[in-house]
1. Within segment 464-476, work out how many residues are touching a Pro at 6+ places or on another chain (Cβ under 8 Å) and not aromatic (Phe, Trp, Tyr).
2. Quick check: is even one residue across segment 420-433 in the same structural domain as Gly551 (by TED's automatic domain parsing), touching a residue at least 60 places away in the same chain (Cβ under 8 Å), surrounded by fewer than 22 Cβ atoms within 10 Å (Cβ to Cβ) and under 28 Å from Trp374 (Cα atoms)?
3. Filter segment 106-131 for residues that are under 27 Å from the mean Cα position of the chain (by Cα) and in contact (Cβ under 8 Å) with a residue 40 or more places away in the chain and give the result.
4. Which residue, of Glu463, Glu496, is touching a residue at least 12 places away in the same chain (Cβ under 8 Å) and farther than 29 Å from Ala369 by Cβ?
5. Among the residues of segment 327-346, what is the count of those that are within 13 Å of Arg267 (Cα to Cα) and either without any contact (Cβ under 8 Å) to a residue 24 or more places away in the chain or surrounded by fewer than 23 Cβ atoms within 10 Å (Cβ to Cβ) (or both)?
6. Please enumerate the residues belonging to segment 506-519 that are buried (at least 24 other Cβ atoms within 10 Å of the Cβ) and either in a loop (DSSP other than H, G, I, E, B) or not small (Gly, Ala, Ser) (or both).
7. Residue by residue through segment 355-393, note down the ones that are part of a helix (DSSP H, G or I) and either loosely packed, with under 15 Cβ neighbours inside 10 Å or in contact with a strand residue (DSSP E or B) (Cβ under 7 Å, 6 or more places away or on another chain) (or both).
8. Within segment 229-250, track down each residue that is in contact with a strand residue (DSSP E or B) (Cβ under 6 Å, 6 or more places away or on another chain), closer than 16 Å to Pro531 by Cβ and crowded, with 24+ Cβ neighbours inside 10 Å.
Amino acid sequence: MEPRQELPVQHFDHCPWLFGNEATGEQRLAQKERQRSVGGDSEVGERCYVAGSAAVFPDRLRLGDDSYIAAHAYVTGELTTGTDCTLNPFSVVRGTVTLGNGVRIGAHTSLLGFNHSTAPDRPVFRQPHTSRGIVVGDDVWIGSHVVVVDGVTIGDHCVIGAGAVVTKDVPTWTVAAGNPARPLRDRRGTGAASPARAHGADVLARFAETARGQAADVIARCWDGERYADRPGAAPTVRAHCDAVEISDLLLAAAPGQLDRGEHARRLEALQDPGTGLVPEFGAPLGAPLGGPLGAPPSAPDDDGFPAEGPALYHVLSVGYALDLLGSSFPHPVRGAREMTAEQLVGRLERLPWRDGAWGAGAWIDSWATAAHWNLRRPDADAIRPGGLEALFGWLLTRADPRTGMWGSPSPADGWLQVVNGHYRLTRGSFAQFGVEVPHPRRVVDAVLEHARDLRHFGAGRENACNVLDVAHPLWLCTRQLGGDTSGDDGYRSAEIRAWAERQLTAALPRWQDGRGFGFGPGTSGPGPEPGLQGTEMWLAIIWLLADLLGRSDALGYRPRGVHRPEPVHDGPPRR
């Protein structure tokens, strides 16, 4: 038997899928060096191949596992791919381009995620570049000699025929071709292509029916006979009791069956500290660090009466809204919201960790504003100091970055994660809860969609409830404010929003585990992947938001009324 003939590097450059099985040890070492030599901010996944003859000069490259850049490809700008993606020979990818998982780019195809301005006052070559970016979903085949222009989103499972020029968004499951590209048919064999409804009313209705039928069991498994834990075997928590109330109200329009409605309310009311109006964790002091162990030493009390961190901050939301759903309320005012002066509040806002902890900053504002909301519902004349809410909204409106609509800036380590997640928490408790329009909504949509392309947080199997919620809600809020309808083509970047919402529903609905509900998400953040009350409560709200972005939420037969309610509870900041 003759020994296998060694294939030359040029062969792998043109047929990179052969490299994994055919390359010699020396060729593998040379490929590792080739990958290390790629310039810019570059990260290359496992079992990837970058052809030596390819011109790869990115500003930022994230090449997912099992992905290839073949011979004579030309790559510049910012390219992010999922797993199992291929740029075939002579393909061109420039500007800002994001590919999902399992994307095949044919030979001589160009994805041009940038453009020239065309103002008449100067020659084209002196015009500044603009970039809205190109987004390609999962399981997409783009044939040879295709051109995709800036601003286009191609949905999951699409096929783009050879020679097409794609100038408009392509819905999920579409087979498209031509110049300009037009839908030819639905890849699933359902006739002519139309705006995708991969998760139509029937699918959502069946999911909701399943969830309602199993809701009582999902809650009961987390009851230890005396208190609720997030999941069996975990320690009981205040939030778990509140999540049980939210789930039962949402799906069953009733209190959890372990106690009658009055007893649920009495137990939650009794948790409030009369002096501060806050609710500590079971067995923990009010100042225990957020996520810290039970019995952790308290942090130094703040002069203005409101804590800087700790479970008590979120309990302002969770316990307050659970009591509201039960037809009750906090028996005592929250002292930090009642007594804090406008000057003290502005001082706290200035000291929040906007540079490196925008999520924590947003969470603090969410808690304080929600405490103000509960106080304002009380009959007390001094429930909140005059000028407090005006100071809050005035500070926020004048500090929002007009380029992004955000508070804080992205970082190399986390991208937009802290900023976008902080934006959700901040706006949930302030602008959304009080019915005030968020500043710069178009720029918010731009920033949030850019964050949603970051595969560090939204790659396959990486999405958790917090990160998905913190994208879905700002998109929902800004879409309503802008007056567009994401179920059509008239809203700002509506096709991209729809495509993202479809992808998230595709991933979210199958995660329901019979009799157990939803897990929070993979990894160690939050409660983790084990199904529990927090994951179930959050994903049920997320699914409603995603369905509403697609114009299909009525099929679910439920609408969040607690922490994740879509409607404001005030028509603007109350005047007293």
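The values are calculated or read from the model by the stated rules, or taken from the named source; none is laboratory data. Not measured: the values here are computed from a predicted model. For neighbour counting, all protein chains shown are included, and Cβ atoms are generated from backbone atoms with ideal geometry for every residue, glycine included.
1. Step one: list which residues in segment 464-476 are touching a Pro at 6+ places or on another chain (Cβ under 8 Å), which gives 464, 476.
Next, only the ones that are not aromatic (Phe, Trp, Tyr) stay: 464.
Of the residues in segment 464-476, 1 are touching a Pro at 6+ places or on another chain (Cβ under 8 Å) and not aromatic (Phe, Trp, Tyr).
2. Checked segment 420-433: at least one residue is in the same structural domain as Gly551 (by TED's automatic domain parsing), touching a residue at least 60 places away in the same chain (Cβ under 8 Å), surrounded by fewer than 22 Cβ atoms within 10 Å (Cβ to Cβ) and under 28 Å from Trp374 (Cα atoms).
3. Within segment 106-131, the first condition is being under 27 Å from the mean Cα position of the chain (by Cα), and the residues that meet it are 111-114, 130-131.
Scanning segment 106-131 gives a single hit, Ser131.
4. Numbers: Glu463 fails: farther than 29 Å from Ala369 by Cβ.
Result: Glu496 is the single residue among Glu463, Glu496 that is touching a residue at least 12 places away in the same chain (Cβ under 8 Å) and farther than 29 Å from Ala369 by Cβ.
5. Within segment 327-346, the subset within 13 Å of Arg267 (Cα to Cα) is 328-331.
This time we only want the ones that are either without any contact (Cβ under 8 Å) to a residue 24 or more places away in the chain or surrounded by fewer than 23 Cβ atoms within 10 Å (Cβ to Cβ) (or both), so: 328-329, 331.
Adding up the residues that qualify gives 3.
6. Here is the first cut: in segment 506-519, the ones buried (at least 24 other Cβ atoms within 10 Å of the Cβ) are 517-518.
Passing the criteria: only Phe518.
7. If the condition is that a residue be part of a helix (DSSP H, G or I) and either loosely packed, with under 15 Cβ neighbours inside 10 Å or in contact with a strand residue (DSSP E or B) (Cβ under 7 Å, 6 or more places away or on another chain) (or both), then Glu390 is the only one that fits.
8. Answer for segment 229-250, where residues must be in contact with a strand residue (DSSP E or B) (Cβ under 6 Å, 6 or more places away or on another chain), closer than 16 Å to Pro531 by Cβ and crowded, with 24+ Cβ neighbours inside 10 Å: Ala240, Ala244.
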